[in-house]
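Scroll down for the structure; my scribbles are underneath it.
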Amino acid sequence: MDKYRNEKMKKKLVVLTGAGISAESGIKTFRDSDGLWEGHNVQDVATPEGWNKNPALVLDFYNQRRKQLKEVQPNLGHQILAELEAHFDVFVITQNVDDLHERAGSKNVLHLHGELLKVRSTANPNYILDWTEDLNFGDFDNNQNQLRPHIVWFGEEVPALEEAINITETADYFAVIGTSLQVYPAAGLIDFTNSKTPVFYIDPKPVKIPNLRNSLQVIPEVASEGMKLLQKALIALI
C-alpha cells in the first residue's frame, strides 16, 4: 500500500510551492530584486561561504526573518490549499522556510530548504531544535557546538529530496504554485510525475516547462487568485 496515501483513499494532490505563495503575505523573494534578499546579497546570507566569512551577519539576518515571520499571516492561497484537504489527500512540498502552510491548516508539509523556526548543530546535521527567538553566538548543542539556522543554503545537499521524489511519483494531480522553476533540484521534481498525471501551474509570469510529458494547465495569476481557479478545476474532476 502506498504509505503516502491516507486511509480514505482520496485522490492525491501533490503541490510544489515557492516564494510566490508567501509573497502576498509580505515575505519578500530575492528573485524579484536582482539577487538581493531583504537588501542582502544572497551569497552573503544563504551560502556556507557567507556563514564562514561573517556568521554574525548570517545570524542577524535570520533573526530578523524570524521576527518578520511573527508579523505576517497566511493568505488566501495558503488557506485554499488547506481547504482542499477536504476533497484530496494533499501533500505540500515547499521551497519556503516559513510556517505559513502549517498555520493555514495544511497537515502534510515537507520543507525542502529547511525551516526558519528550527536550528541545527554545526557539527551534527541531525541535531535539530525548534527555535522561535533569536539565535546567538554561544547557543550550543549538547556537545558545545554552535547552532546555526536550519536552512539549506545554496551549495548544500537537500536532505528531503528523496522523500519529495517518492511523494511526487505517486501524485494523481500535481500543482506548481509561485515558483520560478529555476532553483534545482526542487524544479526537477516535476519530471518525477507519472506521465498521465495532470499538471497545473500557477504563476503570474509562467516560464516554459521543457520536455513535459504531462497535460498542462497554466494559470497566469498570483497565488491567491490562481488558487481560486485551481480549486474549482480540481473539484470538477472529482
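Here, each number is a calculation from the coordinates, and none is a lab measurement. What you see is a predicted model; the values in this text were computed from it and never measured. Heads up, the Cβs are rebuilt from the backbone with ideal geometry, glycines too, and the neighbour counts pull from every protein chain shown.
Quick notes on this one:
- Remark: the range 186-200, residue by residue, has Karplus-estimated 3J(HN,Hα) of 4, 5, x, 4, 4, 6, 9, 6, 5, 4, 8, 7, x, 10, 10 Hz, where x stands for each Gly or Pro and the curve is 6.51 cos²θ - 1.76 cosθ + 1.60 at θ = phi - 60°.
- Inter-label distance, nm, simple model (7 Å from Cα along the C-beta direction), residue 28/residue 123: 3.7 nm
- Added length on full extension, which subtracts the Cα-Cα distance from 0.36 nm per residue, residue 72 to residue 217: 49.2 nm
- Label-to-label distance, nm, for residues given as residue 60 and residue 87 (7 Å Cα→Cβ offset): 4.8 nm
- Reachable aspartates and glutamates from residue 228, criterion Cα separation under 16 angstrom, eight or more residues apart if same chain: 24, 83, 85, 203
- Shape category assigned to the range 163-238 from the gyration tensor of Cα positions, a/c cut at 1.5: oblate
- Highest-first arrangement of 87-93, 13-19, 105-111, where packing means the average Cβ count within 10 Å: 13-19, 87-93, 105-111
- Label-point separation, residue 154 to residue 53 (7 Å along Cα→Cβ), nm: 1.1 nm
- All distinct Cα pairs of the chain go into the 1/r average, and the inverse of that average, the Kirkwood radius, is 18.5 Å.
- Annotation: the antiparallel percentage among DSSP beta bridges lying fully within the chain is about 30.
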